[in-house]
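What follows draws every value from the coordinates through simple rules; no lab data is involved. Keep in mind that this is a model prediction, so the values were computed, not measured. No Cβ is skipped: glycine too gets one built from the backbone with ideal geometry, and neighbour counts run over all protein chains shown.
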Amino acid sequence: MRKKILIIYATAGIGHKKASMAVKKAYDEMALPDVEVTLIDALDYTNDFFKWAYLQAYLLLVNKLPMFWALSYYLTDCPLVGLIVSKIRRLNNWANSKKLVKYLLDTKPNVILSTHFFASEVIADLKTQGMVNSKLITIITDYRTHSWWLGEGTDTYIVASEDAKRELECRKVDPSKIMVTGIPVEPIFSKPLDRAKIFKTTNLRDDLFTILVIGGGFGVGPIEAITRVIAQIPKDIQMVVVCGHNDELVKKMEKLKGDLKLNMKVLGFIDNVYEYMEIADILISKSGGITVSESLAKCVPMVIISPILGQETGNSNFLIKNGAAIKVKKLDDLKTALEDLLASPYKIEKMKDSIKAIRKPNAAYDAARIAYEYSK
């Protein structure tokens, strides 16, 4: 009898979905004959308003009210405040997840891999009530932990680093329940690619310093301002700017490209960012958990700018502590930082050496194998 493995995420930011899809692709490659793997968005099993509001509230907070987001992030991580808020949050989640509960009771998966705390919380509560007996594996998709991820019914936590494991242990999580595999990224990020072919197919030059700028899945951050700063650098460079689903930003960047006569390639949402990371000398971006993990897998150093206070600050601190990135506190300092890297190639090589010491490019395969072992 085939075992059922459910991979579940929530579209509140692109990263949680990408981590889930990475594990699903790992299973597709492994082609295990005795398992049935299903991938779903937990928010598809809530009402329409809840699904819309869940994402829109997150985008509003991180883009327009970042200080309020940071305040709520850190406050809810305090034990007393977190205890009070968690009760309200669980009531709200329970009231809006009835279709998800029904789905779980009907399908009875043997193992559930969850990459978002909303799904993990609902499933963990069902387990503690004895309503489901699936093994629950929660994949924490940042390099810092938060109380939102914790649930009594969770069987295993997959985390990004030894630092994250120690944080969970400080939160009284049994060490035997914690596995350090890294954050799952698509398997192709772990594979060497033909750089010459990529330069040719993308119409980019292989003799220029290549700067990749990514605004995440939703194209957020000061992308225009970053581009104007880079335009002031006199050395021969080329840029690739990925704007995600932000169509307005694509239009603005195309106009800026013409106005400033930049050697720049402007892209919207793409599914081959791994190719551009393969040929990039540096990546300028916010420090989302998936972007960080992808850059580590491809061994491309990061220049971090405007991280979201909270989870992205934790990711940024992890990279800087390990010598895998530099952080620019304000845009005025970006030009100096980039010119320093251009003039000192050894600094980039040093960051690459640091990346090799902490990267975990096979995390998707490892998460898939852990769940498979549980399903036996």
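For I282, the amide hydrogen comes within under 5 Å of the amide hydrogens of T210, L212, counting only partners 5 or more places away or on other chains and with H modelled in the peptide plane. Model label sites at L260 and Y74, defined 7 Å from Cα along the beta-carbon direction, differ in position by 3.2 nm.
Length gained on full extension, K102 to K329: 77.0 nm, using 0.36 nm per residue less the C-alpha separation. From the Cα gyration tensor of region 188-358, with a ≥ b ≥ c the square roots of its eigenvalues, which class applies: rounded if a/c is under 1.5, or else prolate if a/b is larger than b/c, or else oblate? Rounded shape, in that the Cα axes give a/c under 1.5. Our estimate of slack between Q232 and T336, defined as 0.36 nm per intervening residue step minus the Cα-Cα distance, is 36.4 nm. For the chain, the calculated P(r) over all alpha carbon pairs, in 20 Å bins from 0 to the bin holding the longest distance, is 28, 56, 15, 0 percent.
In the chain, helical runs assigned H by DSSP with n ≥ 4 each contribute -39500 (n - 2.57); averaged across all residues and rounded to the nearest 500, the mean residue ellipticity at 222 nm is -15000 deg cm²/dmol.
For region 1-111, averaging the sequence separation of C-alpha pairs within contact (under 8 Å, six or more residues apart) and dividing by the residue count gives a relative contact order of 35 percent. Each peptide in 254-265, 100-111 gets a packing score, the mean of other Cβ atoms within 10 Å over its residues, and the list from highest to lowest is 100-111, 254-265. Given a cut-off of under 8 Å on Cα pairs at least six residues apart, what relative contact order in percent is computed for the chain? Dividing the mean separation by the residue count of the chain yields 19 percent.
How many lysine pairs are close in region 32-123, with Cα atoms under 25 Å apart and the two 8 or more places apart or on different chains? Lysine pair count for region 32-123: 11. In this label model, V180 and I84 are separated by 3.6 nm, measuring between points 7 Å along each Cα→Cβ vector.
Annotation: aspartates and glutamates with alpha-carbon distance below 17 angstrom to K18 (same-chain offsets under eight excluded): D28, E29, D41, D44, D142, E186, D271, E275, E294, E312, D366. Extension gain for N92 to E152 (0.36 nm times residue separation, less C-alpha to C-alpha distance): 19.8 nm.
Please tell me the relative contact order of region 188-358 in percent, rounded to the nearest whole number, where contacts are Cα pairs under 8 Å and at least six residues apart. Over region 188-358, the number comes to 22 percent. With a Förster radius of 22 Å applied to the C-beta separation of D271 and D194, the computed FRET efficiency comes to 0.75. With semi-axes defined as the square roots of five times the eigenvalues of the C-alpha gyration tensor, the equivalent ellipsoid of region 101-141 measures 16, 10, 9 Å, largest first.
Classify region 240-280: rounded, prolate or oblate, from the alpha-carbon gyration tensor (a ≥ b ≥ c, eigenvalue square roots; a/c under 1.5 rounded; otherwise prolate if a/b is larger than b/c)? Judged from the Cα gyration tensor, region 240-280 comes out oblate (a/c at least 1.5, b/c at or above a/b).
Spin-label pair C299-E373: with each label point 7 Å from Cα along the Cα-Cβ axis, the two points sit 2.8 nm from one another.
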